[in-house]
Amino acid sequence: MSFAPGRGSKRLILQKIVLKRYSLALFRSFPVAEKTPEKIPEKTPEKTQDDILFDEIDDELRQDRAHKLWRAYGQYVVGAVLALVIGVAGYQGWQKYQLSSRLADGAKFAAATGLAEANKFDAAFKAFAELSDSGGEGYQLLARFNQARLLADRGETGNAAIAYRVLADDPDVEPLYRGLAVVLGALQELNDAGTDWAALEKRLEPLMADSSPWRFSARELAGLLAKRSGDTTKAKKLFSGLAEDRIAPQGIRNRAREMLSILGK
């Protein structure tokens, strides 16, 4: 037996459908956290035959340009490298040569000094003379000063003064050592009766300036020169200045006081 649905049952079914659709719409209206989709790494597109061909062409062009640059400038690069290598080698060789030369000059100077200390004047003077001719710049100057000292030690005052004067007048010698030669030469000339006092005073005058490293010795010598030439007033002035100068070496200050006591204040 079949039953045809009545009007009541159709209404019930319709209400269920409406209720179901309303519930579904209401559910969908609530916010729901969406899951972030995982990032799928992009696949590197595979190179086609054309891409590979173009890459090979680029490589060939780069190599061709490099070969052209090398052919154009390669010789200069090689030349520069060779020049650098030769320069470094030459500098190192020169340093070794200089070191060996200084060692040799030092040995010669020590030998000459030993002869002088042993009172072997002729041999020492000859050794210093050879070193002054063939030695390095520094040892040449030391040898010349020692030659003059040997002459002074032997009592050859005139020859020693001349040797110091040659050093003082040498433009190749540094001003500092030229000034020293003037001072040492003046010590010899003070004991030489034939000295030109006016000329000696003129040579000492530049060394008496406040800027001179030899000013104290030069002023002391000028005081002795003034006393020697009979100018007592000038001598007293110079020795008084030295005795009162706190910067002057103690030995020079003491000698200045002794000279003042001799001259009479």
From the option list Leu150, Leu176, single residue qualifying as buried (at least 18 other Cβ atoms within 10 Å of the Cβ) and part of a helix (DSSP H, G or I) is Leu150
Condition check: in a helix (DSSP H, G or I), within 21 Å of Lys108 (Cα to Cα) and more than 33 Å from the chain's Cα centre (by Cα). Does Ala123 satisfy that?
yes
Among the candidates Gly241, Gly230, single out the residue that is closer than 19 Å to Asn254 by Cα and surrounded by fewer than 16 Cβ atoms within 10 Å (Cβ to Cβ).
Gly241
Any idea which of Ala127, Ala193, Ala111, Ala218 is without any contact (Cβ under 8 Å) to a residue 24 or more places away in the chain and closer than 26 Å to Lys237 by Cα?
Ala193
Testing Leu207 on (1) surrounded by 20 or more Cβ atoms within 10 Å (Cβ to Cβ); (2) in contact (Cβ under 8 Å) with a residue 24 or more places away in the chain; (3) in the same structural domain as Phe125 (by TED's automatic domain parsing), one condition comes back false. Which one is that?
(3)
Report every pair of residues separated by at least 6 positions or lying on different chains whose Cβ atoms are under 6 Å apart, first residue within region 252-265 and in contact (Cβ under 8 Å) with a residue 12 or more places away in the chain, second acidic (Asp, Glu).
Ile252/Glu220
Select from region 221-234 the residues that are free of Cβ contacts under 8 Å to residues at least 24 places away in the same chain and of a type in the set (Ser, Thr, Tyr) and list them in ascending order.
Thr233
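The values are calculated or read from the model by the stated rules, or taken from the named source; none is laboratory data. Everything numeric here is computed off the predicted structure, so don't read it as measured data. Quick reminder, even Gly has a Cβ in these numbers, built from the backbone with ideal geometry, and neighbours come from all protein chains shown.
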